[in-house]
Amino acid sequence: MIIDRLQRPLGSLRVSVTDRCNLRCQYCMPERDYVWLPKQSILTFEEITRLVGVFASLGVAKVRLTGGEPLLRHDLPRLTAMLAPMEGVRDLAMTTNGLLLAKQAAPLRQAGLGRVTVSLDTLRPKRMQDLARSDRHVDVLAGIAAARAAGFPLKLNTVVIRGVNDDELVDLIEFARAHDAEVRFIEYMDVGGATGWSAEQVFSQREILEVVSVRYGPIAPVTAGDLSAPAERFRLPDGATFGIVASTTAPFCRSCDRSRLTADGTWFLCLYAERGTDLREPLRRGAGDAELADLITATWRGRTDRGAEERLGLANRAPLFQVEGLRADPHREMHTRGG
Ligand code: SF4
């Protein structure tokens with residue numbers, strides 16, 4: 001096991017397979033225009049598999065495919081089939097906005113994908129138009145149904161924004177229950193790309209718990225489970241569970257074992273990190289697995305990142321980057337880093 005300077009193991013890897021997305025969510029991609037990663041810089045499936053193999057040999061057991069929107073990458077089941085049997089990888093998952101999931105859920109399951117998380121910020125189609133500039137709510141619902149039909153354990157991610165969708169918490173819990181899924185409410189984060197973020201719009205974990213307990217009664221924390229997981233889980237009196245990712249008001253950096261590989265092979269140790277490590281250059285120059293493993297090991301051993309905890313201490317918290325800074329380096333965007 002490789003340990004960083006704060007005693008955190010290198011345990012999970014989020015692999016972005018594309019920086020493109022077919023939604024324009026307010027909290028992630030609110031602009032009209034974006035600077036994209038150059039096509040020739042995007043890693044091939046073989047290159048991704050090679051890097052994931054090196055990470056797995058160093059102790060990474062959890063791999064999550066992300067984007068942008070991962071299902072925009074052509075033939076994702078092929079990559080899934082390359083990663084699923086890899087020694088050391090115990091948990092292969094994907095986070096998707098669901099728009100293209102209806103057709104791909106079954107092939108992905110057959111290829112060995114273990115779990116799916118679908119972003120679902122609202123149950124109201126009109127609201128999705130305002131929040132994500134898309135009229136395809138029906139496709140997301142079809143994707144969720146297909147994921148269940150394919151047999152995936154399913155989570156739903158909801159970014160809660162005050163005045164936007166904070167009135168849907170109970171509806172989303174009930175929707176998740178009806179679809180045999182678990183919803184996770186995520187606090188609005190001031191990450192790269194969230195240029196419209198303001199502290200006033202953060203609907204906090206405390207407020208979420210208040211709203212839910214008014215409706216259901218006393219809520220108990222679920223203590224068992226993966227302590228490095230970002231969501232705290234809670235149980236309603238009737239046994240249903242839900243999660244909260246309180247990244248903004250109660251960050252969990254001290255147990256963070258996650259890092260992120262962008263679609264062009266840049267490795268980030270934190271969602272808030274200023275810069276990443278270029279793994280594509282050594283990979284394409286012909287470095288062997290041992291050289292790549294040494295680079296990854298040395299980089300992780302020097303890790304001190306605790307971005308969300310540091311931001312918590314800021315007096316006047318504001319968006320992490322302005323638009324000009326994001327255009328100058330698209331690696332700063334959350335949709336490039338894989339959320
Ligand atoms: S802010 Fe960085 S260190 Fe903290 S939980 Fe997020 S990715 Fe991990």
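The values are calculated or read from the model by the stated rules, or taken from the named source; none is laboratory data. Quick caveat, the model's predicted, so the values are computed rather than measured. FYI the Cβ positions are ideal-geometry reconstructions off the backbone, even for glycines, and counts take in every protein chain you see. Side chains included, ligands, DNA and RNA excluded: accessible areas come from the protein's heavy atoms. Shrake-Rupley method; radii C 1.70, N 1.55, O 1.52, S 1.80 Å.
Odds and ends about this structure:
- Residue among Leu227, Leu271 that alone is within 14 Å of the ligand (Cβ to nearest atom), open to solvent by 60 Å² or more (accessible area, probe 1.4 Å) and either free of Cβ contacts under 8 Å to residues at least 60 places away in the same chain or in a loop (DSSP other than H, G, I, E, B) (or both): Leu227
- Residues located in segment 300-325, provided they are assigned to a loop (DSSP other than H, G, I, E, B) and near the ligand (Cβ under 10 Å from one of its atoms): Arg303, Thr304, Asp305, Arg306
- Residue within segment 36-59 that is open to solvent by 30 Å² or more (accessible area, probe 1.4 Å) and within 20 Å of Leu154 (Cβ to Cβ) present: no
- Scanning segment 163-176 for residues that are over 21 Å from the mean Cα position of the chain (by Cα), open to solvent by less than 20 Å² (accessible area, probe 1.4 Å) and not hydrophobic (A, V, I, L, M, F, W, C) turns up at least one hit.
- Pair list, Cβ < 7 Å and 6+ apart or interchain, from segment 276-288 residues that are in contact (Cβ under 8 Å) with a residue 60 or more places away in the chain and surrounded by 12 or more Cβ atoms within 10 Å (Cβ to Cβ) to residues that are part of a helix (DSSP H, G or I) and hydroxyl-bearing (Ser, Thr, Tyr): Arg280/Ser41
- Test for Thr304: is it hydroxyl-bearing (Ser, Thr, Tyr) and either open to solvent by less than 20 Å² (accessible area, probe 1.4 Å) or farther than 19 Å from Arg337 by Cβ (or both): no
- Checking each residue in segment 62-97 for being open to solvent by 10 Å² or more (accessible area, probe 1.4 Å) and of a type in the set (Gly, Ala, Ser) picks out Gly68, Ala81, Ala84, Gly88.
- Set Gly193, Gly143: member being on the phi > 0 side of the Ramachandran plot and buried (at least 22 other Cβ atoms within 10 Å of the Cβ): Gly193
- Test result for Val183, crowded, with 22+ Cβ neighbours inside 10 Å and more than 27 Å from Gln322 (Cα to Cα): yes
- When segment 230-243 is limited to residues that are in a strand (DSSP E or B) and either within 8 Å of the ligand (Cβ to nearest atom) or among the charged types (D, E, K, R) (or both), the one that is farthest from the chain's Cα centre (by Cα) turns out to be Arg235.
- Only residues that are out of contact with any Phe, Trp or Tyr (no Cβ under 8 Å at 6 or more places or on another chain) and either within 11 Å of the ligand (Cβ to nearest atom) or assigned to a loop (DSSP other than H, G, I, E, B) (or both) were counted in segment 244-268, giving 15.
- Residue in segment 127-134 that is touching a helix residue (DSSP H, G or I) at 6+ places or on another chain (Cβ under 9 Å), open to solvent by less than 70 Å² (accessible area, probe 1.4 Å) and at pLDDT below 95 present: no
- Within segment 1-35, tally of residues that are more than 24 Å from Ala194 (Cβ to Cβ) and open to solvent by 40 Å² or more (accessible area, probe 1.4 Å): 6
- Tallying residues that are of a type outside the set (A, V, I, L, M, F, W, C) and either in contact with a strand residue (DSSP E or B) (Cβ under 9 Å, 6 or more places away or on another chain) or open to solvent by less than 30 Å² (accessible area, probe 1.4 Å) (or both) within segment 110-126 yields 7.
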